[in-house]
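Right, one structure below, let's go through it.
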């Protein structure tokens, strides 16, 4: 069973620091891990459309219309991080939209999105994501817990090698999406 504590302990082991039993315990290691766990997780989640964090939903139209430029406003899910694609985009028909202040603004009367969610359950994390997250936390915590710049540099190099592999393996799960030219590209030919 994967937990925030087990991921932080992987990071602490990379730093040669004793493990913790809780993020709320009264130790420097727990305090530092507690400070860095969520920001490192959220940054790593946002950096790539990880398969375990992809969700699909039809958005509910909001009763308030945008002031200008767009006709409709849709509230985004509470766990929304970024759009992967809209239903229209998958059908090769680009729908113009903007994300503003927790809403999607568009002229489309209905909106279905595939989005990247802020997944907080570590049990759903991919194993390579877990290792990348542990390295990210170790890098962030390194100077606080070890004051060792050489170790931090080594961890950054390892992270730089691991992250592309983790993203590549994740991207290879499923059939490739067709990339089709839109009307603008076809008009240029």
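Values quoted throughout were computed directly from the atomic coordinates according to the rules given, and no laboratory measurement underlies them. The model shown is predicted, which means the values in this text are computed figures rather than measured ones. Please note: Cβ atoms are built from the backbone with ideal geometry, for glycine as well, and neighbour counts cover all protein chains shown.
Using Cα springs under 10 Å in a Gaussian network model of the chain, which residue among 134, 166, 150 shows the largest mean-square fluctuation?
Residue with maximal mean-square fluctuation among 134, 166, 150: 150.
Give me 32, 57, 5 sorted ascending by neighbouring Cβ count inside 10 Å, so fewest comes first.
57, 5, 32
Rounded to the nearest 500 deg cm²/dmol, what is the calculated helix-only ellipticity per residue at 222 nm for the chain, with -39500 (n - 2.57) per DSSP H run of length n ≥ 4?
Value at 222 nm, helices only: -14000 deg cm²/dmol.
Starting from the Cα of residue 147, move 7 Å in the Cα-to-Cβ direction to define the label point; list residues of the stretch 13-29 whose amide nitrogen is under 19 Å from there.
15-18, 27-29
Which shape class applies to the chain: rounded if a/c is under 1.5, otherwise prolate when a/b exceeds b/c and oblate if not, where a ≥ b ≥ c are the square roots of the Cα gyration tensor eigenvalues?
Note, shape of the chain comes out prolate.
Using a Förster distance of 41 Å, how high is the FRET efficiency between residue 169 and residue 107, based on the Cβ-Cβ distance and rounded to 0.05?
Working from the Cβ atoms, E equals 0.60.
Can you bin the stretch 51-118 into rounded, prolate or oblate? Criterion: square roots of the alpha carbon gyration tensor eigenvalues sorted a ≥ b ≥ c, rounded for a/c under 1.5, prolate for a/b above b/c, oblate for the rest.
It comes out oblate by the Cα gyration axes.
Tell me, what is the FRET efficiency for residue 42 and residue 95 to the nearest 0.05, using R0 = 35 angstrom and their Cβ-Cβ distance as r?
0.80
For a footprinting-style exposure proxy, rank 170, 26, 62 by other Cβ within 10 Å, fewest first.
Ascending Cβ contact count within 10 Å gives the list 26, 62, 170.
Any idea what angle helix 149-171 forms with the longest principal axis of the chain, computed on alpha-carbon atoms, 0 to 90 degrees, nearest 10?
40 degrees
Going by alpha carbons, how many degrees (0 to 90, nearest 10) lie between the helix axis of 28-46 and the longest principal axis of the chain?
Value to nearest ten degrees: 30.
In nm, to one decimal, how far is the residue 69 label point from the residue 161 one, both placed 7 Å along Cα→Cβ?
4.5 nm
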